[in-house]
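A short write-up of the structure that comes next.
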Amino acid sequence: MNQLHKIKINIPKKDSYDYEIIIGNNLLCSSGEIIKKYTKANKFLIITNKTVANLYKENLKIKNAEWLILDDGEEYKNFETLKKIFDFATEQKLQRSDCIIAFGGGVVGDIAGFAAATYMRGIDFIQIPTTLLAQVDSSVGGKVAINHENGKNLIGAFYQPKVVIADTNVLKTLDLRQLKTGLAEVLKYAFIEKSCGADLNYRFLDYLENNKENIFNLNPEVLTKVIEICCALKAAVVSKDETEKGLRAILNLGHTFAHAIENITQYKMFTHGEAVAAGMKMAFKLSLLKKLIDEEYYKKAIMLIDKYEISPVLPSFDNEKFYSEMSLDKKAQNGKIRFVLPDERQTVNIFEDVDFKQVVESIAF
Ligand code: NAD
Ligand code: GLY
């Protein structure tokens, strides 16, 4: 087995709950061995989609497992697919002591996780994320959900996995656009690093400035380090605020703007990461206008986002519409939009009192 990198995540509940994120190269073939340490289940339901199954079904060696292979796409993260999962689980007589494994990107992770949270009031759940976005973000922290026709991720739960296994080797088959969508979330972690925990000092911004080529060439050591840092930062945040009562909102830097971009363009023009990259630029512009950051840091941040070539050319938006879409964001409270804004190098904070004119100016960054 290759060298394993482990990040511990501690959720302080009544019965304190710890789990590990295991990162390494070529882990699929040893996943069966790894998971024994984290669950007593001896029967598994592996949920994946057609794309991932075609690429990696043979590589994932887990004994006593049934496979459910879903259609591929965000449009299947819905009630109909959830019912398919429950139908299959009951046909297979899956019991409370068994375990659901999500093997795929964020879509599979979210729906399989929500199925695990609700089937028989909750059964063991393991994440084996296969996209960069899922490895650095969606598989960690326990947010699981399906979409409703009135909104994305509207029906969900906080339900933590028993273990997360991130194999960097599977990233080689991601297309460049999917790799970049994950990289937008990676950049986000660099901008929020110091808000995640006072004891953390990865100097992640400098690391990303110096390692673009290595990342795009999928250098396994560099990818492992990047995923490790992102997961450590997310673990620090989630350990302090599992259910987003406060701090966890910082993980949404750029996302309030991104949601408006995605909604207005009906999720058809841009990937989530492209919208987040553009949203982060808007957030930095707004911070500059509010004099929260200086010109030097603003330029550094924009240059880094541009260096990774994720942020797309946007259409021109109707300002009122854009603003009203932002107020529908799940983070809005009492009709007030809550902006996560950089206010120091690698530090962010949450701001509510933001001038409409400045928001409009930042949209046209
Ligand atoms: P995705 O799951 O749709 O995967 C993107 C594409 O890559 C799909 O076509 C998939 O089949 C394919 N794919 C997956 N692994 C592959 C591999 N190794 N090689 C080649 N192709 C592969 O999208 P995503 O970006 O991973 O996740 C987006 C979803 O995650 C959204 O539904 C979003 O709401 C959710 N999300 C959840 C959280 C959370 O905290 N739970 C956080 C961020 C995003
Ligand atoms: N992706 C944001 C969160 O997990 O809270």
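The values are calculated or read from the model by the stated rules, or taken from the named source; none is laboratory data. These figures come from a predicted structure and were not determined experimentally. Don't worry about glycine lacking a Cβ; one is built from the backbone with ideal geometry, like all the others, and counts go over all protein chains shown.
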Can you run down the residue pairs with Cβ atoms below 9 Å, 6 or more apart or on separate chains, where the first is in region 98-114 and free of Cβ contacts under 8 Å to residues at least 40 places away in the same chain and the partner is outside any strand (DSSP E or B) and more than 9 Å from ligand 1 (Cβ to nearest atom)? Gly109/Pro161
Hey, any hits in region 290-304 for a residue that's farther than 24 Å from Asp353 by Cα and within 15 Å of ligand 1 (Cβ to nearest atom)? no
Among strands (runs of 3 or more DSSP E) entirely within region 117-167, at least 3 residues that are more than 9 Å from ligand 1 (Cβ to nearest atom) occur in 124-129, 151-158, 163-167
Output the number of the condition that Asp329 fails; it satisfies all remaining conditions of (1) under 26 Å from Leu132 (Cβ atoms); (2) part of a helix (DSSP H, G or I); (3) charged (D, E, K, R); (4) touching a residue at least 40 places away in the same chain (Cβ under 8 Å). (2)
If we keep just the residues of region 257-271 that are crowded, with 24+ Cβ neighbours inside 10 Å and touching a residue at least 40 places away in the same chain (Cβ under 8 Å), which is nearest to ligand 2 (Cβ to nearest atom)? Phe257
Would you be able to say whether some residue in region 230-238 is surrounded by fewer than 21 Cβ atoms within 10 Å (Cβ to Cβ), modelled with pLDDT of 95 or more and closer than 20 Å to Ala278 by Cβ? no
Which listed residue is more than 30 Å from Ile293 (Cβ to Cβ), away from ligand 2 (no atom under 13 Å from the Cβ) and small (Gly, Ala, Ser), from Ala166, Ala190, Ala145, Ala134: Ala166
Tell me, which strands (runs of 3 or more DSSP E) wholly within region 1-103 include 1 or more residues that are under 20 Å from the mean Cα position of the chain (by Cα)? 5-11, 17-24, 44-49
In region 32-41, which residues are closer than 22 Å to Thr131 by Cβ and crowded, with 21+ Cβ neighbours inside 10 Å? Ile35
